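The values are calculated or read from the model by the stated rules, or taken from the named source; none is laboratory data. From a predicted model like this one, the values you see are computed outputs, not experimental measurements. Every residue, glycine among them, receives a Cβ derived from its backbone with ideal geometry; neighbour counts consider all protein chains shown.
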């Protein structure tokens with residue numbers, strides 16, 4: 001990865017982390033997406049510099065200008081995740097217009113990640129529009145590059161939706177409907193790039209989820225009947241397959 005790509009990832013990831021944090025803060029409470037981020041202690045609107053953890057730390061060490069408390073590690077985690085997801089996108093050769101779809105998905109993916117961790121649900125207001133935007137931009141990009149790729153995006157979305165819906169039925173709700181709807185976005189985004197990306201994203205999601213679940217069970221930090229949010233693992237697989245796509249293409253070609 002060149003230093004220019006890294007710089008783009010840091011700048012873009014930092015910029016959109018504000019929107020991701022806004023979604024995390026407002027969507028679960030069904031609040032309007034307007035106004036500044038609020039302090040988690042006194043609910044006062046944060047200054048412009050505090051909207052971005054790194055900038056806020058440099059100006060006021062990240063503290064609220066009203067109550068003086070620190071926002072904690074969560075906002076820094078959101079910013080870091082946005083940067084890492086952006087790194088996966090900018091280091092992967094993607095069709096120009098479709099790259100925009102992945103970049104727009106970054107703050108939504110980060111928001112879904114932490115909302116699922118905190119509330120164990122994936123809101124329709126985020127998952128369904130994300131799928132629509134992915135298919136729309138896939139159609140726009142296909143007009144300039146490969147019309148056949150649009151079919152891949154549509155079939156990828158349908159295939160993963162059916163897979164996760166069947167798992168929802170087989171697990172009697174253990175795999176939530178939020179995961180099923182998130183599969184539409186991931187299927188469209190990876191399907192446009194080829195079936196190897198669909199398979200790779202799915203495999204990486206299940207492997208990472210299974211590994212963490214096994215570790216938590218072994219350490220007795222969770223029980224067999226406890227539910228572990230699967231959305232973050234689906235998203236991890238989707239973005240991790242971007243730099244590993246060539247590997248899965250070669251694997252499936254054998």
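Brief remarks on what is shown
- Qualifying residue in region 41-63 (condition: assigned to a helix (DSSP H, G or I), under 27 Å from residue 176 (Cβ atoms), in contact with a helix residue (DSSP H, G or I) (Cβ under 9 Å, 6 or more places away or on another chain) and modelled with pLDDT under 90): no
- Test result for residue 211, more than 15 Å from residue 174 (Cβ to Cβ) and either exposed (fewer than 14 other Cβ atoms within 10 Å of the Cβ) or touching a strand residue (DSSP E or B) at 6+ places or on another chain (Cβ under 7 Å) (or both): yes
- Matching residues in region 86-98 - criterion: being under 14 Å from residue 245 (Cβ atoms) and surrounded by fewer than 21 Cβ atoms within 10 Å (Cβ to Cβ): 88, 91, 92, 93, 94, 95
- Scanning region 218-249 for residues being over 12 Å from the mean Cα position of the chain (by Cα), part of a helix (DSSP H, G or I) and without any contact (Cβ under 8 Å) to a residue 40 or more places away in the chain gives a total of 2.
- Looking across region 160-193, the residues that are surrounded by fewer than 18 Cβ atoms within 10 Å (Cβ to Cβ) and within 15 Å of residue 237 (Cβ to Cβ) come down to 163, 167.
- Verdict on residue 107 being touching a helix residue (DSSP H, G or I) at 6+ places or on another chain (Cβ under 9 Å) and over 19 Å from residue 11 (Cβ atoms): no
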